[in-house]
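The values are calculated or read from the model by the stated rules, or taken from the named source; none is laboratory data. Note that this is a predicted model, so its numbers are computed, not measured. All Cβ positions, even for glycine, are placed from backbone atoms using ideal geometry, and neighbour counts span all protein chains on display. These accessible areas exclude ligands, DNA and RNA; they are computed on the full protein's heavy atoms, side chains included. Shrake-Rupley method; radii C 1.70, N 1.55, O 1.52, S 1.80 Å.
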Amino acid sequence: MQDAAPLILTLAFDEPTFARFDGERRRFFPEKLNVIPAHATLFHHLPGDRERGVLETITALARTMPPPEVAVTGLRFTGRGVAYVIESEALTAFRGRLAKAFEPDLTAQDRQGWRPHVTVQNKVTPDKARALHADLQAGFAPFRFTAPATQLWRYLGGPWEAVARVAFGENA
């Protein structure tokens, strides 16, 4: 039943940041496995059978804060891939408030420590991942972006279906 399929909450990027991350993901991710756009996951599994309540909770909290500034601070070698490390006190606080609101429904993965990142390569050999990590690291300069919104998705066993975009700020 599609309505029971879990929901995923990600951070939306501004257009230049999305273009960079998604372009790299398209270039470095195995093509047959790359069925979703570049993203930073806030929650991997929220209750799909309660979509309306999940969306109301996210919207109510997102409206209370301005769009958060996010720092891209480095690269992470993941063993079989590469990810950009992102940091934001405001975003971490927002996620913490959502975690409290959804606490009874959180999976073990969403309860553990949150290490925000954007994966641009995964499921390749360790040697290939190590080489990309070195290449990207050599040219990396930290940068910042302002996140305009969150994106709620329905997990469909591989691809995701967009459910809602929830903007930050009072005028959302």
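The table that follows gives values for the structure above.
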quantity	calculated
Sparse-neighbourhood loop sites, GluC sites (Glu not before Pro) in the stretch 89-172 - DSSP loop, at most 13 other Cβ within 10 angstrom	170
Only Lys, Arg (+1) and Asp, Glu (-1) charged, at Cβ; the stretch 66-106 dipole about Cα centre in debye	160
Magnitude of the charge dipole, the stretch 32-79, Cβ model with Lys/Arg +1 and Asp/Glu -1, debye to 20	140
The chain: calculated mean residue ellipticity at 222 nm from DSSP helix runs of at least 4, using -39500 (n - 2.57)	-10000 deg cm²/dmol
10 °C / 1.306 mPa s Stokes-Einstein diffusion coefficient of the stretch 1-123, Kirkwood radius on C-alpha pairs, µm²/s	102
With DNA, RNA and ligands ignored, accessible area of residue 59 (1.4 Å probe; Å², nearest 10)	30
Folded to 0 to 90 degrees: helix 51-62 orientation relative to the chain principal axis, Cα	80
q = 0.14, 0.16, 0.24 Å⁻¹, the stretch 51-96: log10 I(q)/I(0) [Debye, one scatterer per Cα]	-0.51, -0.61, -0.85
Accessible area (Å², per residue) of the chain, counting only protein heavy atoms and a probe of 1.4 Å	53
Net charge dipole size for the chain [Lys, Arg +1 and Asp, Glu -1 on Cβ; Debye, nearest 20]	440
Crossing angle, helix 126-138 versus the chain [Cα axis fit, 0-90 degrees, rounded to tens]	90
Carbon + sulfur, % of accessible area of the stretch 31-172 - ligands and nucleic acids excluded, 1.4 Å	51
